[in-house]
Amino acid sequence: MILPKQNQINHWISTAIKEFAQTDEDFRTGFYVKEEIPIQSVHVGTAMSYASLARAKFLNSDPIEKVRAEFANAAQYVMKSFTMAYDPSDPDYLGEAAVLEWVSETIGIEGMNWALMSADFKLAAQMGSHYRTRPDGEMLSLRANRYANALALTLQERQKEALPLLLAQFEDYKKRPPKSPAARNYYSLMLALFGIVAKDREKFQQGVELQLKSYWPYAKSEGKDTDEEFICDNAVALTILAQRNLLWPKIAQAMLPGGLLLQNAPLP
């Protein structure tokens with residue numbers, strides 16, 4: 001595995017810590033209320049900082065328990081945005097005042113990924129249970145919505161309900177093959193998740209390999225010189241889920257570091 005320079009890792013860690021301190025200060029001074037900044041957006045931003053810290057700590061060779069704890073923090077902050085929107089038992093429940101752009105498909109997928117990367121499957125199931133299609137029907141795309149819902153159902157051990165969503169998307173791909181980068185990205189995710197749901201190791205492996213291929217241009221452009229250049233969250237999260245579901249995929253690929261995976265997964 002190619003590693004970044006130590007000064008880069010140190011910068012990512014210190015940046016995340018500074019971001020947490022600034023967020024605490026802004027809460028204390030009432031900055032978000034004065035500026036009318038949705039608190040859901042703050043929680044999602046904090047989640048991203050925790051995910052960055054987790055990746056940086058892994059690249060820094062910190063103990064895996066500490067890395068996973070930061071991924072768990074990231075997932076919990078994403079989940080907070082969802083409970084504020086959908087869970088009346090949350091003391092900060094917003095109901096109709098919720099800002100639904102902060103419970104989008106991609107945000108939900110990130111939260112579920114980070115829960116899986118924490119290796120806390122109870123947390124992953126909780127995150128999955130809070131994800132849902134927006135009540136106003138808005139979605140980033142049908143393929144993103146189907147994947148997010150299928151992943152959420154799988155995390156809740158509801159594979160029979162996830163399968164029709166995946167098959168429906170594959171039918172759409174037959175009519176319109178995935179050619180754009182976004183379409184190919186979701187095709188790879190759908191294929192890998194289908195492999196997990198159907199317990200088809202070959203399909204899973206094909207999906208992950210396509211996901212890494214799809215991720216490469218991002219890693220070398222927008223993601224370059226960030227912690228995301230070295231770790232593909234989608235690939236890691238799905239591989240952990242595959243291990244959980246008694247698949248034993250090949251590992252040790254670029255941006256899919258074996259050290260982030262389950263080390264004592266049950267054999268198939």
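The values are calculated or read from the model by the stated rules, or taken from the named source; none is laboratory data. Since we're looking at a predicted model, the values are computed, not measured. Positions of Cβ are backbone-derived with ideal geometry, glycine not excepted, and every protein chain shown enters the neighbour counts.
Overview of values
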item	result
Residues of segment 89-124 that turn out to be over 30 Å from GLN263 (Cβ atoms), assigned to a helix (DSSP H, G or I) and not charged (D, E, K, R), as a count	5
Boolean, HIS11 is within 24 Å of the chain's Cα centre (by Cα), over 20 Å from GLU101 (Cβ atoms) and not acidic (Asp, Glu)	yes
Tally, over segment 210-233, of residues that are small (Gly, Ala, Ser) and closer than 19 Å to ALA51 by Cα	2
Filter result for the condition that a residue is at pLDDT 95 or above and not in a helix (DSSP H, G or I), over GLU36, GLU65	GLU36
Some residue of segment 137-150 being crowded, with 21+ Cβ neighbours inside 10 Å, under 30 Å from PHE20 (Cβ atoms), under 18 Å from the mean Cα position of the chain (by Cα) and modelled with pLDDT of 95 or more	yes
Filter result (within 17 Å of ARG146 (Cα to Cα), crowded, with 21+ Cβ neighbours inside 10 Å and either among the polar types (S, T, N, Q) or modelled with pLDDT under 95 (or both)) within segment 97-118	ASN113
Residue list for segment 51-67, filter: buried (at least 20 other Cβ atoms within 10 Å of the Cβ) and in contact (Cβ under 8 Å) with a residue 60 or more places away in the chain	ALA51, SER52, ALA54, ARG55, ALA56, PHE58, LEU59, VAL67
Some residue of segment 151-174 being at pLDDT 95 or above, at positive phi and out of contact with any Ser or Thr (no Cβ under 7 Å at 6 or more places or on another chain)	yes
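The rows are residues; the columns are (1) under 28 Å from SER141 (Cβ atoms); (2) outside any loop (DSSP other than H, G, I, E, B).
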position: LEU3; (1), (2): no, no
position: ASN10; (1), (2): no, yes
position: ALA16; (1), (2): no, yes
position: TYR32; (1), (2): no, yes
position: ARG55; (1), (2): yes, yes
position: ASN73; (1), (2): no, yes
position: GLN76; (1), (2): yes, yes
